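J.: Have a look at this one.
The values are calculated or read from the model by the stated rules, or taken from the named source; none is laboratory data. Computed from a predicted structure; not experimentally measured. Please note: Cβ atoms are built from the backbone with ideal geometry, for glycine as well, and neighbour counts cover all protein chains shown. Ligands, DNA and RNA are excluded from the accessible area calculation, which covers all protein heavy atoms including side chains. Shrake-Rupley method; radii C 1.70, N 1.55, O 1.52, S 1.80 Å.
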Amino acid sequence: MVTLLCVGAIREAWIKQGIAEYEKRCSRFGGIATIEVAKQQSKESEGKLLLSRQPKSSYLIACSENGAMLASRELAAKLGSLNSQGYSNICFAVGGAEGLSEEVMKQAGFVMSFSALTFPHQLFRLLLAEQVYRAYTINANVPYNK
């Protein structure tokens, strides 16, 4: 199971539909779930909320512009390796507009960046859901349109 642990809610209907489609597709592999926490006055407060909602015994990956950039096959290998190490739940933390708190960054076992580009928060969540699905298909050796 992969959990997307996110600050804020999705407002755009088309993004909600896209994420729902990838959640449906992921269900045949290991699943994907989203946990949203309310936006707060500070990223420190958001960080505390995120960590309080992190599934127990999950491996935390922080999404940050300062993280390591992985190609899709590298992300698939990372997730596969974590599963092989016994992590049945992998949790991606997605911060709010100010990013993730130092506390979340310290708790993370890995810090990942998608790109040097800046994406709107809602669109990033859709991209993350798609990349999780792509990783599942790569690891299952299932064809996926490129």
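J.: Do the conditions hold for Leu128, that is, is it open to solvent by 50 Å² or more (accessible area, probe 1.4 Å), in contact (Cβ under 8 Å) with a residue 40 or more places away in the chain and outside any loop (DSSP other than H, G, I, E, B)? Let's see the steps before the verdict.
T.: Details: open to solvent by 50 Å² or more (accessible area, probe 1.4 Å): no; in contact (Cβ under 8 Å) with a residue 40 or more places away in the chain: yes; outside any loop (DSSP other than H, G, I, E, B): yes.
So Leu128 fails the test.
J.: Considering only the range 69-78, state which residues are in contact (Cβ under 8 Å) with a residue 12 or more places away in the chain and either over 26 Å from Ala135 (Cα atoms) or not in a helix (DSSP H, G or I) (or both).
T.: Listed by number, the residues that qualify are Met69, Leu70.
J.: Filter the range 96-112 for residues that are under 20 Å from Glu36 (Cα atoms) and either modelled with pLDDT of 95 or more or among the hydroxyl-bearing types (Ser, Thr, Tyr) (or both) and give the result. Working first, answer last.
T.: At the first step, the residues of the range 96-112 found to be under 20 Å from Glu36 (Cα atoms) are 96-105, 107-108, 111-112.
If the condition is that a residue be under 20 Å from Glu36 (Cα atoms) and either modelled with pLDDT of 95 or more or among the hydroxyl-bearing types (Ser, Thr, Tyr) (or both), then Leu100, Ser101, Glu102, Glu103, Val104, Met105, Gln107, Ala108, Val111, Met112 are the ones that fit.
J.: Related question: Among (1) assigned to a strand (DSSP E or B); (2) open to solvent by less than 50 Å² (accessible area, probe 1.4 Å), where does Tyr136 come up short?
T.: It fails just one condition, (1).
J.: Looking at Val94 and the list (1) in contact with a strand residue (DSSP E or B) (Cβ under 9 Å, 6 or more places away or on another chain); (2) of a type outside the set (Ser, Thr, Tyr); (3) on the phi > 0 side of the Ramachandran plot, which single condition is not satisfied?
T.: Every condition holds for Val94 apart from (3).
J.: Could I ask something else about it? For the range 87-118, enumerate the residues that are among the small types (Gly, Ala, Ser), open to solvent by 60 Å² or more (accessible area, probe 1.4 Å) and more than 20 Å from Glu130 (Cβ to Cβ). Show your work before the answer.
T.: So in the range 87-118, the residues among the small types (Gly, Ala, Ser) come out as 88, 93, 95-97, 99, 101, 108-109, 113, 115-116.
Next cut, open to solvent by 60 Å² or more (accessible area, probe 1.4 Å) only: 88, 97, 116.
Selection gives Ser88, Ala97.
J.: Looking only at residues in the range 48-68 that are assigned to a strand (DSSP E or B) and surrounded by fewer than 16 Cβ atoms within 10 Å (Cβ to Cβ), which one is modelled with the highest pLDDT? If you could, list the steps in order and put the result at the bottom.
T.: Within the range 48-68, the first condition is being assigned to a strand (DSSP E or B), and the residues that meet it are 59-68.
When the remaining residues are screened for being surrounded by fewer than 16 Cβ atoms within 10 Å (Cβ to Cβ), the result is 65-66, 68.
On the way: Glu65: 91, Asn66: 90, Ala68: 96.
This residue is Ala68.
J.: Looking at Ile35, is it surrounded by fewer than 17 Cβ atoms within 10 Å (Cβ to Cβ), in contact with a Cys (Cβ under 8 Å, 6 or more places away or on another chain) and in a strand (DSSP E or B)?
T.: Details: surrounded by fewer than 17 Cβ atoms within 10 Å (Cβ to Cβ): yes; in contact with a Cys (Cβ under 8 Å, 6 or more places away or on another chain): yes; in a strand (DSSP E or B): yes.
Yes, satisfied.
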